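Got a structure for you, questions after.
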Amino acid sequence: MKRKDAEKLWTWCIDEVSRNENPDMVSGILSTTMIKEVTRDLLIVAVDSEFIRGFIESRMLELLREQCRELTKNDQFDIKLVVEKVSRDEEPPAEVEVAATPQRNQGNLNSKYTFRNFVVGNTNQFAHAVCHGVAKSPGTLYNPLFVYGGVGLGKTHLLQAVGNFVLEKNPGASVVYETSEFFLSEMIDALSTGKIKRFKKKYRSADVLLIDDIQFISGKETTQEEFFHTFNELHNTGKQIVLSSDRPPHEIQKVERRLVSRFESGMVADIQAPDYELRMAILKRKAKELNVHIEDEQVLHYLATHGASNIRQLEGTFITLVGKAQVLRIAVTKELVDDILRDRPASNVRIVTIDTVLQAVSDYYGVDRGQLTGKRRNRQVVKPRQVGMFLSREVVGATLDDIGQHFGGRDHSTVLYACNKMDEDCQGDPNLQQEVAEIRRRLES
Ligand code: ADP
Ligand code: MG
């Protein structure tokens, strides 16, 4: 590839990634990068500091890589970041250190999630202890292990840490990590292409099976059936199963009794929202990992109390904070924290309202809000409108009257009809079910 083309490609990627992330942040950070070298399969990009490299790697490298692959139509295409003073004059380049890209291990694990970098506090101590125990001697202590807790509290981190730990000790072990959504789509795919044997083998030959976000099997009968058999086969042969969910087993709706009782038959551990101490500990830990020194401890305190309700948001706010300070070359202060929190209302405790639901449904289906609340009854709008009413009840917990009000002054019996109909339609229509699940996920994340 020619250098000029590579530059175009990079600029294009920056634009594209800006759409998904905070645009000022992305262009601010990526504008400090420079293309260093390009070959047919590899783009080497120089970045200013170790921090910027870490930031790009954790937040956008995967997306950038995907974009490049798509644009070059080359599945092998990769990006490497090297830390070097990015100067646009002719100084000879400093020693080049090729940064390791995050490694995808066997079993679909991301090596960045380990027990070593999991910070333990009151709210996650128990879940951490049982996961660690299971990782040390899989299949013997608690089987299955069921971990549950709200969004961004470390469930995926713990599940993957179990997998990484097992593989570190025993590289030959078969560890399989997937989300239940992936399990479902892979199964459907296998059924339609006649590769169900291979699918079964993948899951049933695992020594350690880690299924993340198991709540998504709700209402999916065939998946539950298949998972039930997989579960039994592994369990009977003493293989370790670890599951995560956003709620305890008995609160997952529309799951067969026999599965719920399997889920409850081993150990059930919960993770609670982090308390102040854990938030502080996590911030200090992240600062150390990113190699940044924050002089004013008050800033951390402020961030810990105002930054976010969960660990993912806390981490995100902190990285944005440090990134912005570095790019703009200014000090990390309370004011800067405020600045960032103002830019990112989502980083505060997110309250989902009927209004948020209307917006999410409108975005998802590409139907104007005006149409959702309007009177017309054409097909394109009736379904989204019903989905909206349904989710307003399920996610917001709003009253029928309130929902009716927001949806153009409809009667509460109209809302009730819509909700019941959605409930019914979802049963027989996996596509609809997935649409609803996706909008719900967006609302709750
Ligand atoms: P969940 O799966 O529960 O939604 P994740 O496991 O994806 O949450 O965690 C969100 C982010 O917070 C991840 O980047 C994870 O590494 C980080 N995280 C969560 N808990 C901890 C912890 N105790 N120590 C360090 N990082 C954590
Ligand atoms: Mg998760």
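What residues qualify as long-range amide H neighbours of Thr32, i.e. H under 5 Å apart, gap of 5 or more or another chain, H built at 1.01 Å from N?
It is none; the list stays empty.
Which value, in Å² and to the nearest 10, is the accessible area of Arg410 when all protein chains are kept and the probe is 1.4 Å?
Ignoring ligands and nucleic acids, Arg410 comes out at about 40 Å².
Could you tell me which of Gln326, Ala418, Gly54 has its Cα farthest along the dipole of the chain towards the positive end, charges placed at Cβ (Lys, Arg +1; Asp, Glu -1), taken about the Cα centre?
Toward the positive end, the furthest listed residue is Ala418.
Using the Karplus curve 6.51 cos²θ - 1.76 cosθ + 1.60 with θ = phi - 60°, what ³J(HN,Hα) values do you get for each residue of the range 270-282, in whole Hz, with x for Gly and Pro?
For the range 270-282, the Karplus-derived couplings read 10, 10, 9, 4, x, 7, 4, 4, 5, 4, 5, 4, 5 Hz, x marking Gly and Pro.
May I ask what percent, to the nearest 5, of DSSP beta bridges between residues of the chain are antiparallel?
25 percent
Out of all Cα-Cα pairs in the range 297-445, roughly what percent, to the nearest whole number, are more than 20 Å apart?
Everything past 20 Å amounts to 56 percent.
Report Rg(Cα)/(2.2 N^0.38 Å) for the chain, keeping two decimals.
Rg over 2.2 N^0.38 Å, computed on Cα atoms: 1.07.
Ordered by packing density, taken as the mean number of other Cβ atoms within 10 Å over each peptide's residues, highest first, how do 47-54, 283-290, 269-276, 240-247 rank?
240-247, 47-54, 269-276, 283-290
For the range 176-181, take each phi angle, set θ = phi - 60°, evaluate the Karplus expression 6.51 cos²θ - 1.76 cosθ + 1.60, and give the result in whole Hz per residue in order, putting x for glycine and proline.
Taking θ as phi minus 60°, the curve returns 10, 10, 8, 8, 5, 5 Hz for the range 176-181.
Roughly speaking, what % of Cα-Cα pairs in the range 213-275 are separated by over 16 Å, rounded to a whole number?
Distances greater than 16 Å cover 45 percent of the Cα pairs.
Is it possible to state the helix-based mean residue ellipticity at 222 nm for the chain, with each DSSP H run of 4+ residues giving -39500 (n - 2.57), the sum divided by total residues, to the nearest 500 deg cm²/dmol? What is it?
On the way: 20 runs with 242 residues, N = 445.
Taken over the chain, the calculation gives -17000 deg cm²/dmol.
In a Debye calculation with equal point scatterers on the alpha-carbon sites of the range 155-251 and no solvent, what is log10 I(q)/I(0) at q = 0.13, 0.23 Å⁻¹?
Taking Cα atoms of the range 155-251 as identical point scatterers yields -0.44, -1.30.
What's the ranking of 225-232, 73-80, 411-418 by average number of surrounding C-beta atoms within 10 Å, highest first? Walk me through the numbers on the way to the answer.
Working: 225-232: 18.0, 73-80: 14.0, 411-418: 16.0.
Output ranking for 225-232, 73-80, 411-418: 225-232, 411-418, 73-80.
Next up: Apply the Karplus curve 6.51 cos²θ - 1.76 cosθ + 1.60, θ = phi - 60°, to the phi angles in the range 120-130 and return the couplings in whole Hz, x for Gly and Pro.
Listing the rounded values in order: 9, x, 4, 7, 10, 4, 5, 4, 4, 4, 6 Hz.
Additional query: So who's got an amide H within less than 5 Å of the one on Ala308, skipping anything under 5 residues away but keeping other chains? H placed 1.01 Å off N, in plane.
Correct list: empty.
Here is a follow-up. Among Val166, Val299, Val175, which one shows the biggest mean-square fluctuation in a GNM of the chain, springs joining Cα atoms closer than 10 Å?
Val299
Quick check for me: using +1 on Lys/Arg Cβ and -1 on Asp/Glu Cβ, what's the dipole size of the range 301-445 about its Cα centre, in debye to the nearest 20?
Its charge dipole is roughly 340 debye.
List the residues whose amide H sits under 5 Å from the amide H of Ile79, counting only those 5 or more places along or on another chain, with H placed 1.01 Å from N in the peptide plane.
Distant-sequence amide H within range of Ile79: Leu43.
Something else about it: What does the charge dipole of the chain about its Cα centre add up to, to the nearest 20 debye, if the Cβ of each Lys and Arg holds +1 and the Cβ of each Asp and Glu holds -1?
940 debye
Rg/Rh for the range 374-445: what does it come to with C-alpha atoms and Rh from Kirkwood?
Over the Cα atoms of the range 374-445, Rg/Rh equals 0.95.
Once every Cα of the range 203-308 carries one equal point scatterer and solvent is ignored, give the base-10 log of I(q)/I(0) from the Debye formula at q = 0.10, 0.18, 0.20, 0.21 Å⁻¹, two decimals.
Relative scattering, expressed as log10 I(q)/I(0), comes to -0.48, -0.84, -0.95, -1.01.
Can you give me the relative contact order of the chain as a percent, contacts being Cα pairs under 8 Å and 6 or more apart?
About 12 percent, as a whole number.
The values are calculated or read from the model by the stated rules, or taken from the named source; none is laboratory data. Everything quoted here is computed from the prediction, not taken from an experiment. Backbone-built Cβ (ideal geometry, glycine too); neighbour counts: all protein chains shown. SASA here: full protein model, heavy atoms, side chains in, ligands and nucleic acids out. Shrake-Rupley method; radii C 1.70, N 1.55, O 1.52, S 1.80 Å.
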